[in-house]
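Beneath this line is the structure, given in structure tokens, with notes to follow.
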Amino acid sequence: MSSRIKSPQQLIAESGADLEGHGLKRTMGLFQLVCFGVGAIVGTGIFVGLSDSVAEAGPAVVISFVLAAITCIFTAFSFAELGGAIPVSGSSYSFAYASLGERTAFLVGWCLLLEYGVSVSAVAVGWSQYLNELLDSLTGLQLPAALSAGPGDGGVVNLPAVVVIVLAATLLVRGVRESARATAAMAVLKIGILVVFCVIGFSAFEGGNLTPFTNGAGGITAGASVAFFSYIGFDAITTAGEEVKNPRRNIPIAILICIGIATLLYCSVALAAIGALGADAVAGQPAALSVVVDQVTGSSVGGGVIAFGAVVAIASVVLAVMYGQTRILMSMSRDGLVPRIFERVSPRSATPVANTWIVAAVFAVPAAFASLDVVVNLTTIGTLAVMAAVNVAVMVLRRREPALRRSFRVPLYPLSPVLGIGFCLYLIWGTGWTTWVQFAVFLVVGTLVYALYGRRHSRLGAASPAPAPLRAPGGDAGPGSPGA
């Protein structure tokens with residue numbers, strides 16, 4: 001049975017990545033790409049998820065963030081090498097296709113539905129929580145619980161979560177240039193808001209709030225698995241491979257810059273929050289940053305500013321992650337593994353309009369009805385599995401394609417990708433057996449979808465020549481041949 005592997009050269013040629021890719025236009029420079037990356041990373045994980053990480057690790061959540069960052073850094077090196085060598089829209093999916101074969105590539109793309117699609121739902125739920133916090137600080141009122149939370153969180157339907165997804169889709173179909181400008185503006189704003197938070201938090205810092213420092217190694221590991229959600233999105237940079245100017249140079253640089261910015265911000269925010277109020281006061285607070293500022297300043301004004309920053313920040317994540325999901329589906333559609341509607345690009349806006357609205361409609365459903373915790377855990381394990389596969393892909397391509405043009409090379413090879421795989425598996429262990437079972441079921445469903453649809457409609461499979469008939473050692477036709 002053929003493994004159906006596409007060479008990097010074939011992927012690049014089919015996408016037109018060295019020119020213009022299937023109607024996509026190169027409009028993003030390095031600054032916009034970094035802002036896009038920050039926009040995809042910094043959001044729900046720190047504004048909403050910080051309290052969950054602190055609940056697991058206590059003040060040692062700083063170590064949890066560093067551990068999660070180390071996992072990302074090793075894998076970021078692999079993404080940087082592959083993103084510079086294969087600058088196409090498919091990201092991890094395309095990297096797997098070029099190294100591990102079509103079946104594995106499909107399952108990677110299937111897992112990316114968790115990292116990008118389902119995480120859109122998780123991020124939108126977090127946006128809804130901070131929108132309520134903002135309304136409370138401005139008017140003293142909040143949306144009814146029945147209309148601002150799903151059944152698992154005590155409500156009926158989360159309408160604000162649906163609204164932010166629709167708004168992001170509307171902006172995405174207008175064009176990449178407009179989306180990139182909006183993402184850049186929102187990225188700058190949310191970094192500024194987090195810096196202001198750190199200044200306020202550190203002004204009330206008390207060293208005694210950091211003791212006891214740790215809940216034990218198990219708490220740090222669980223905290224790192226939760227904190228990892230805060231870093232999800234840096235690989236979205238590679239999904240812009242066909243819309244970035246000079247992608248072989250800019251993609252690796254942008255990835256490493258974004259990981260550095262995120263790590264510095266997260267550790268600073270965590271120290272400022274815990275140092276100001278203590279771990280017990282931060283744990284279990286969905287809008288923890290606003291609560292910290294309110295208590296430190298004795299006024300709801302500061303908390304309202306933080307809530308406004310969170311609303312903007314989390315909206316930018318929805319925008320960036322939805323963008324990544326549509327580009328991955330576009331690449332899979334080009335290969336015939338998902339329906340062709342996902343590859344169609346509007347000649348007017350140069351965007352995949354139908355693709356974008358389908359993604360919005362599908363993932364608005366879990367946003368409206370699912371609990372944040374369930375969605376976050378599935379997103380985390382799916383992303384870790386994809387990252388492990390990318391580290392494997394680097395090693396396979398080094399052996400199979402030694403002459404491939406690489407604008408960036410993983411340092412300390414092969415130690416770096418091996419450590420990347422190890423850290424991914426370590427954090428997967430920390431997600432817990434319930435999440436493992438859910439993920440296993442998800443993979444089984446993906447395998448069935450590939451067998452029943454993807455393999456049958458694969459364009460690579462259709463283009464492959466039929467296998468030659470078996471020949472007997474003497475050159476005569478084997479028993480199964482027409483001449484037998």
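Here Lys190 fulfils each of the conditions (1) at pLDDT 80 or above; (2) surrounded by fewer than 18 Cβ atoms within 10 Å (Cβ to Cβ) apart from (2).
Let's see how each residue does on (1) farther than 17 Å from Gly126 by Cα; (2) in contact with a helix residue (DSSP H, G or I) (Cβ under 7 Å, 6 or more places away or on another chain):
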residue	(1), (2)
Cys267	yes, yes
Leu277	yes, yes
Asp280	yes, no
Gly309	no, yes
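Of all residues in region 348-358, those satisfying the criterion of being hydroxyl-bearing (Ser, Thr, Tyr) and under 22 Å from the mean Cα position of the chain (by Cα) are Thr351, Thr356. Where residues in region 137-154 are buried (at least 16 other Cβ atoms within 10 Å of the Cβ) and modelled with pLDDT of 80 or more, which of them is farthest from Val338 (Cα to Cα)? It comes out as Leu143. Of all the listed residues (Ala96, Ala145, Ala149, Ala122), the sole one being under 26 Å from Ser407 (Cα atoms) and among the aliphatic types (A, V, I, L, M) is Ala96.
The number of residues in region 193-238 that are over 30 Å from Phe423 (Cα atoms) and either out of contact with any helix residue (DSSP H, G or I) (no Cβ under 6 Å at 6 or more places or on another chain) or modelled with pLDDT under 80 (or both) comes to 6. For Gly302, the criteria (1) closer than 19 Å to Arg181 by Cα; (2) over 23 Å from the mean Cα position of the chain (by Cα) hold in every case but one, which is (1). Set side by side, the residues Val312, Val345, Val338 differ, and just one is assigned to a loop (DSSP other than H, G, I, E, B), surrounded by fewer than 24 Cβ atoms within 10 Å (Cβ to Cβ) and within 22 Å of the chain's Cα centre (by Cα), which is Val338. For beta carbons closer than 6 Å, sequence separation of 6+ or different chains, a first residue in region 66-80 that is over 14 Å from Val392 (Cβ atoms) and in contact (Cβ under 8 Å) with a residue 12 or more places away in the chain and a second that is crowded, with 24+ Cβ neighbours inside 10 Å and small (Gly, Ala, Ser), the qualifying pairs are Leu67/Ala224; Ala68/Ala224; Ala68/Ala227. Pairs meeting the criteria (first residue in region 81-108 and farther than 12 Å from Thr239 by Cβ, second residue surrounded by fewer than 24 Cβ atoms within 10 Å (Cβ to Cβ) and hydroxyl-bearing (Ser, Thr, Tyr), beta carbons under 6 Å, at least 6 apart or on different chains) are Gly84/Ser407; Ala96/Thr104; Gly101/Ser3; Phe106/Tyr450. Val199 fulfils the conditions (1) crowded, with 23+ Cβ neighbours inside 10 Å; (2) farther than 25 Å from Phe74 by Cα; (3) not charged (D, E, K, R) except for a single criterion, (1). In summary, helices (runs of 4 or more DSSP H) completely within region 8-47 and bearing 1 or more residues that are modelled with pLDDT under 65, farther than 29 Å from Ser230 by Cα and of a type in the set (Gly, Ala, Ser) occur at 8-15. Taking the residues in region 213-255 that are hydrophobic (A, V, I, L, M, F, W, C) and either assigned to a loop (DSSP other than H, G, I, E, B) or within 20 Å of Gly175 (Cα to Cα) (or both) as candidates, determine which candidate is farthest from the chain's Cα centre (by Cα). Of everything passing the filter in region 213-255, Phe213 is farthest from the chain's Cα centre (by Cα). In region 416-437 there is no residue matching the filter, namely being assigned to a loop (DSSP other than H, G, I, E, B) and under 20 Å from Tyr97 (Cβ atoms). Tell me, please, whether a residue that is surrounded by 22 or more Cβ atoms within 10 Å (Cβ to Cβ) and in a helix (DSSP H, G or I) can be found in region 348-355. Yes, region 348-355 contains at least one residue that is surrounded by 22 or more Cβ atoms within 10 Å (Cβ to Cβ) and in a helix (DSSP H, G or I).
Yes/no per residue for (1) in a helix (DSSP H, G or I); (2) of a type outside the set (Lys, Arg); (3) farther than 28 Å from Ala222 by Cα; (4) within 19 Å of the chain's Cα centre (by Cα):
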{"site": "Ala360", "(1), (2), (3), (4)": "yes, yes, yes, yes"}
{"site": "Val376", "(1), (2), (3), (4)": "yes, yes, no, yes"}
{"site": "Val392", "(1), (2), (3), (4)": "yes, yes, no, yes"}
{"site": "Met395", "(1), (2), (3), (4)": "yes, yes, yes, no"}
{"site": "Arg399", "(1), (2), (3), (4)": "yes, no, yes, no"}
{"site": "Ala403", "(1), (2), (3), (4)": "no, yes, yes, no"}
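Which of the residues spanning region 256-280 are within 15 Å of Glu56 (Cα to Cα), in a helix (DSSP H, G or I) and more than 29 Å from the chain's Cα centre (by Cα)? Asp280, the sole residue that qualifies. Identify the residue in region 363-385 that is in contact with a Leu (Cβ under 6 Å, 6 or more places away or on another chain) and not small (Gly, Ala, Ser) and, among all such residues, is modelled with the highest pLDDT. So the residue we want is Leu384. Here Val301 fulfils each of the conditions (1) buried (at least 19 other Cβ atoms within 10 Å of the Cβ); (2) outside any loop (DSSP other than H, G, I, E, B) apart from (1). Looking at this structure, is Val125 more than 25 Å from Gly454 (Cβ to Cβ), part of a helix (DSSP H, G or I) and at pLDDT below 85? Yes.
The values are calculated or read from the model by the stated rules, or taken from the named source; none is laboratory data. Keep in mind the model is a prediction, meaning the values are calculated, not measured. Glycine gets a Cβ as well: all are built from the backbone with ideal geometry, and neighbour counts include every protein chain shown.
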